[in-house]
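As structure tokens, the structure follows; a few thoughts come after it.
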Amino acid sequence: KISTQPFSLNPTSPTSHDRPLVSPKPTSLFLGSTRKLRLSSSSKLNLHRRSGTVVAVSDVVKQKKSKSTHSLLITKEEGLELYEDMILGRAFEDMCAQMYYRGKMFGFVHLYNGQEAVSTGFIKLLKQQDSVVSTYRDHVHALSKGVPARAVMSELFGKTTGCCRGQGGSMHMFSREHNLLGGFAFIGEGIPVATGAAFTSKYKREVLKEADCDHVTLAFFGDGTCNNGQFFECLNMAALWKLPIVFVVENNLWAIGMSHLRATSDPQIYKKGPAFGMPGIHVDGMDVLKVREVAKEAIGRARRGEGPTLVECETYRFRGHSLADPDELRDPAEKAHYAARDPITALKKYLIENSLASEADLKAIDKKIDEVVEDAVEFADESPVPSQSQLLENVFADPKGFGIGPDGRYRCEDPKFTEGTAHV
């Protein structure tokens, strides 16, 4: 089982490409899953023409079983770091809901509750120089990558102290310092950006001879994106050029109100990886330790120059698509099923049962995060709003273009500029 032991996706067996691709069997079936997560035994991968082999994860695990099946997956320090990051994501999003309904945030706000195991499991394994490309559900990705809670909350409030000076808002978190390359509102549009970032890393290493450049890019996107052209085109390029990228599908089973099972001819997304010559892995996205084990190998492959990996994390969002969604389409029994599999509760149980942390340790973290989030709200609330002159900044490439009048002043400072429009 990929959930408990490390594994390699590139065994040296010369006959590995003759075996059928078989997904590791999940420990518990998801409501949104098909009953059998495996290809038929008659389905073979003909990869003789490829430079590398793509094999079944389950086969590799059988070959490389750990000698000690009872060893812990994490240390105490790692466990507390994972718990703190997941608690930060959950508490931050809960506070966002409060602030949104109090009129402190505007536009659409998409929360991440329930999916924390994916962000934490992957991003906490990265270096500062590694890049992350997100979606419109991007607050927690930013926090996991190290963007301060103050900067994220201020951006949501539309204040100048936000990570994008208040010009990005909920769906467009960006931080050059932390190599967070943006949240993207249109599904799929971040994948080409991530592919370009991965190409940059490869170019620096192989062409510019920067031997220490082993930077990896993570591209996060949802199940609905996997039927878009950018997804297929970029998987093809990444595999063709062996780019250091991991494509992370956060399959929360719903695209707004459309069930993944109704929208996709083959709902097993991970199977699309081998079609392009890269490993495809399905993992329980509600278990941060399982996600972390898969992420270690996928990120390691990319860093070693062995190419991309497609990882399907089957997870679930606990709230509606956005805070404007009454969430009346999903079956209450389905929501209750996943609520009982809360990834934070599961990690907490693991830490205590394995004597990695005490209740007091975890309560201290809870208290610390509550203070961090409260401080972020106070900071954002007290921060100044952008001046009107900032309205056209970063819009036009030519600073002498439309945004600047004949007198050298910003046009938006002219009272007549907004005549007949809504109040700015």
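Would you check if V294 is in contact with a Lys or Arg (Cβ under 9 Å, 6 or more places away or on another chain) and in contact (Cβ under 8 Å) with a residue 12 or more places away in the chain?
Considered against the rule, which asks whether it is in contact with a Lys or Arg (Cβ under 9 Å, 6 or more places away or on another chain) and in contact (Cβ under 8 Å) with a residue 12 or more places away in the chain, V294 comes out as no.
Need the failing condition index for G277 against (1) surrounded by fewer than 24 Cβ atoms within 10 Å (Cβ to Cβ); (2) touching a His at 6+ places or on another chain (Cβ under 7 Å), just the number.
Unmet for G277, out of (1) surrounded by fewer than 24 Cβ atoms within 10 Å (Cβ to Cβ); (2) touching a His at 6+ places or on another chain (Cβ under 7 Å): (2).
Out of R165, R150, which single residue is touching a helix residue (DSSP H, G or I) at 6+ places or on another chain (Cβ under 9 Å), farther than 27 Å from A339 by Cβ and not in a helix (DSSP H, G or I)?
R165
Go through (1) over 21 Å from T200 (Cβ atoms); (2) assigned to a loop (DSSP other than H, G, I, E, B); (3) within 12 Å of the chain's Cα centre (by Cα) and name the single condition L111 misses.
All conditions are met except number (3).
With respect to the numbered conditions (1) closer than 12 Å to H141 by Cβ; (2) open to solvent by 40 Å² or more (accessible area, probe 1.4 Å), which one is the sole condition not fulfilled by P192?
Going through (1) closer than 12 Å to H141 by Cβ; (2) open to solvent by 40 Å² or more (accessible area, probe 1.4 Å) one by one, P192 breaks only (1).
I want to confirm something. Restricting to the stretch 324-357 and keeping residues that are at pLDDT below 95 and hydrophobic (A, V, I, L, M, F, W, C), which single residue is least open to solvent (accessible area, probe 1.4 Å)?
A324
Residues are listed down the side, and each one gets a yes or a no for (1) touching a Gly at 6+ places or on another chain (Cβ under 9 Å); (2) charged (D, E, K, R):
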position: F184; (1), (2): yes, no
position: G188; (1), (2): yes, no
position: A194; (1), (2): no, no
position: A197; (1), (2): no, no
position: K209; (1), (2): no, yes
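Filter the stretch 352-373 for residues that are in contact (Cβ under 8 Å) with a residue 24 or more places away in the chain, over 24 Å from the mean Cα position of the chain (by Cα) and assigned to a helix (DSSP H, G or I); which is farthest from V291 (Cα to Cα)?
Here the answer is K368.
Within the stretch 169-180, which residues are open to solvent by less than 20 Å² (accessible area, probe 1.4 Å) and closer than 23 Å to H321 by Cβ?
Within the stretch 169-180, G169, S170, M173, L180 qualify.
Restricting to the stretch 174-219, count the residues that are closer than 20 Å to E250 by Cβ and in a helix (DSSP H, G or I).
Of the residues in the stretch 174-219, 8 are closer than 20 Å to E250 by Cβ and in a helix (DSSP H, G or I).
The values are calculated or read from the model by the stated rules, or taken from the named source; none is laboratory data. Just so it is clear, the model here is predicted, and its values are computed rather than measured. Here Cβ is always computed from backbone atoms with ideal geometry, including for glycine, and neighbour counts include all displayed protein chains. Note: areas computed on protein heavy atoms with side chains; ligands, DNA, RNA excluded. Shrake-Rupley method; radii C 1.70, N 1.55, O 1.52, S 1.80 Å.
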